[in-house]
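Step one of this worksheet: look at the structure below.
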Amino acid sequence: WLGEPKNMATNLTEGAPLTSSHISIIVTNESGEPLMDVVGALLYNNELIAKGLSNERGELVIDFENVANSSSIDLYLNKAQYYQKKIDLYYESDDGEGAPSIDYQIISTDSSYLYTFVSSESNYNWIEINEAGTNLNLTDDSVKPDLDLGFVTPFYYYGEPYTKLTVCSNGWVSFEPCLKAEGSSNACNPLPYFYNNSIGHTIGPYAMIAPFFDDLDDNEGNEPFNVYFWTNNQDSVIIEWHEVAQRKTDQFCSDSYCEKETFQLILDNSSATGSDNGKIIFQYKEIYDIDDLENHGATVGVEAPDKNSGTQYLFNYSYHANADTLKNELAIRFSDSCGGEIPASWCDCDGNV
């Protein structure tokens, strides 16, 4: 746990008498907002006799039978990120009233964005910022949260506006670095994820941009660790990982040679109007995909804020069908290829499923 679980509330009081063979309640958080997917379990004589699931309005109905009159029964409520709630009830008798019918609908996003990329050496245009930018003074497995982009208008990413960025030493940035929070009271706990997974994986930062997500620097060697941040305070931001050793090479670097990574991420908001998604550019001055200790190399690509979609350029030494192999002096530009939202049932801009 990185934060304290919250409490659930119901309109059912402790020891309440039941005069029918069903339970119908509303489950909310402490602020009175309905909670979906609360599991209700009803126990009689320490045995599970019935259960139910709350819908998007917090409605939870549990129908039961074969309970003797004048009996005690226990209702347990469970939901991720919440304390378990136990309510002792007293079943008097059944008045014959039937359990109400409720609907349960899965809430899904009905539209999204499709990012595509163009990779080439001809578009490579390295912009050195190791003197003009700010050294974030990152160390092994560390993050620098809430860096102000300084843009005149927010940078839109998957249709969401952002003004701040978190940079990780391990080759990724995030617009939403925290574990997905419910409610404003949750503390932000950014994690310096070093174990890279595929894009679309449940583990990892939300709203992630990964120019080269890998375990960079293992803190066993003496090599310097420099990551720079630069903004023109208008429409461009550059983050540069400068001559960073991987954990596989850090402790083995010598004065004569060491395989070090130098790459940068550019956020370009210069052509965005209104809520247009900004442009994302990866550039590689010197790159080595050599971390095979977990046998899954580096991760390169972009991932949606809800982690339900993304565009994976590279993972586990496997490239997208249209991708160039990572090499020195390569540039990759990601953009919203459809110019706006597309229905979630589509797979491309033309509506093909």
>> Spelling out what I want: for every residue of segment 16-33, take phi, set θ = phi - 60°, compute 6.51 cos²θ - 1.76 cosθ + 1.60 (Karplus), and round to whole Hz; glycine and proline get x.
In response: 4, x, 10, 10, 8, 8, 7, 10, 9, 9, 10, 10, 9, 8, 5, 8, x, 7
> So how exposed is Ser309, as accessible area in Å² (1.4 Å probe, rounded to 10)?
Replying inline: 40 Å²
> Under 5 Å between amide H atoms, partner at least 5 residues away or on a different chain: which partners does Tyr124 have, H built in plane at 1.01 Å?
Replying inline: Ala331
> Using a 1.4 angstrom probe and counting only protein chains, how large is the accessible area of Phe64 in Å², to 10?
Replying inline: 10 Å²
>> Assuming 0.36 nm per residue, please report the length gained on full extension of the stretch Glu121 to Asp324 beyond their Cα-Cα distance.
In response: 72.1 nm
> For segment 119-131, what does the Karplus curve 6.51 cos²θ - 1.76 cosθ + 1.60, with θ = phi - 60°, yield as ³J(HN,Hα) per residue in whole Hz, taken in order and with x for Gly and Pro?
Replying inline: 10, 6, 8, 5, 8, 5, 8, 5, 10, 6, 10, 5, 10
> Over what distance in Å are the Cα centres of segment 123-173 and segment 227-241 separated?
Replying inline: 6 Å
> Once label points are set 7 Å from the Cα along Cα→Cβ at both Asn137 and Asn308, what is their separation, rounded to one decimal in nm?
Replying inline: 4.1 nm
> Counting DSSP beta bridges with both partners in the chain, what percentage is antiparallel, nearest 5?
Replying inline: 95 percent
>> Which order do you get for Thr134, Thr166 if you rank them by accessible area with a 1.4 Å probe, largest at the top?
In response: Thr134, Thr166
>> Over the chain, how many pairs of lysines fall under 21 Å by alpha carbon, counting only those 8 or more apart in sequence or from different chains?
In response: 22
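Sort Trp172, Trp126, Trp346 by heavy-atom solvent-accessible area, probe 1.4 angstrom, most to least. Let's see the in-between values first.
Values: Trp172 0, Trp126 45, Trp346 95 Å².
So, going from the largest accessible area down, we get Trp346, Trp126, Trp172.
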>> Please list, ordered by chain and number, the residues whose modelled amide H lies under 5 Å from the amide H of Cys338; skip anything fewer than 5 residues away on the same chain.
In response: Leu114
>> Under 5 Å between amide hydrogens, which residues at least 5 positions from Tyr313 or on another chain qualify, with H placed 1.01 Å from N in the peptide plane?
In response: Val300, Gly301, Val302
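Using a 1.4 Å probe and counting only protein heavy atoms, arrange Ile73, Ile203, Ile281 so the residue with the most accessible area comes first.
Highest to lowest solvent-accessible surface, that is Ile203, Ile281, Ile73.
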> Which one of Ile49, Val38, Ile281 is farthest out on the positive end of the charge dipole of the chain, using unit charges on Cβ (Lys, Arg +1; Asp, Glu -1) and the Cα centre as origin?
Replying inline: Val38
> Could you give the nm distance between label points at Asn11 and Asn46, where each point is 7 Å from its Cα heading toward the beta carbon?
Replying inline: 3.5 nm
> From the phi of every residue in segment 341-353, what ³J(HN,Hα) in whole Hz does the Karplus formula 6.51 cos²θ - 1.76 cosθ + 1.60 yield, where θ is phi - 60° and glycine or proline is x?
Replying inline: 6, 10, x, 5, 7, 8, 10, 8, 5, 8, x, 6, 8
>> Apply the a/c threshold of 1.5 to the C-alpha gyration tensor of segment 261-353 and tell me whether it is rounded, prolate or oblate.
In response: oblate
> Counting Lys and Arg as +1 and Asp and Glu as -1, each charge on the Cβ, what is the dipole of segment 1-61 about the Cα centre in debye, to the nearest 20?
Replying inline: 140 debye
> Given a 1.4 Å probe and the protein chains all in place, what does the accessible area of Ser112 round to, in Å² to the nearest 10?
Replying inline: 40 Å²
>> Under the 0.36 nm per residue contour assumption, what length would be gained going from the current alpha-carbon distance of Glu259 and Glu56 to full extension?
In response: 67.8 nm
>> Positive end of the dipole of the chain, charges at C-beta (+1 Lys, Arg; -1 Asp, Glu), about the Cα centre: which of Leu75, Ser93, Pro305 has its Cα farthest in that direction?
In response: Ser93
> Given the options Glu261, Glu30, Glu329, which has the most mean-square fluctuation in a GNM of the chain, springs set between C-alpha atoms less than 10 angstrom apart?
Replying inline: Glu30
> Using bins 10 angstrom wide from zero, how does P(r) for the chain break down, in % of all Cα pairs?
Replying inline: 5, 21, 25, 18, 14, 11, 6, 2, 0
>> I want to make sure I understand the PRE zone here: with the label point 7 angstrom from the Cα of Asn130 toward its beta carbon, which residues in segment 260-280 have backbone N atoms less than 17 Å away?
In response: 260-265
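Figure the gain on full extension for Asp63 and Tyr317 (residue separation times 0.36 nm, minus the Cα-Cα span) and round it to one decimal in nm.
Net length gain for the segment: 86.2 nm.
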> Using r as the Cβ-Cβ distance of Gln84 and Ser275, and R0 as 51 Å, what FRET efficiency do you calculate, to the nearest 0.05?
Replying inline: 0.80
>> I need the calculated FRET efficiency for the pair Ala344 and Ile290, taking r as the beta carbon distance and R₀ as 35 Å, to the nearest 0.05.
In response: 0.40
> Hey, if you put +1 on the Cβ of every Lys and Arg and -1 on every Asp and Glu Cβ in the chain, which of Gly200, Tyr156, Val167 ends up farthest toward the positive end of that dipole?
Replying inline: Tyr156
>> Charges at C-beta only: +1 for Lys and Arg, -1 for Asp and Glu. How large is the resulting dipole of the chain about its Cα centre, in Debye rounded to 20?
In response: 320 debye
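Taking the Cα centre of segment 1-144 as the origin, how large is its charge dipole in debye, to the nearest 20, when only Lys and Arg (+1) and Asp and Glu (-1) carry charge on their Cβ atoms?
For segment 1-144, the charge dipole is close to 160 debye.
The values are calculated or read from the model by the stated rules, or taken from the named source; none is laboratory data. Note that the structure is predicted; figures quoted are calculated from it, not measured. Positions of Cβ are backbone-derived with ideal geometry, glycine not excepted, and every protein chain shown enters the neighbour counts. Ligands, DNA and RNA are stripped out before the accessible areas are found, and what is left, the full protein with its side chains, is counted by its heavy atoms. Shrake-Rupley method; radii C 1.70, N 1.55, O 1.52, S 1.80 Å.
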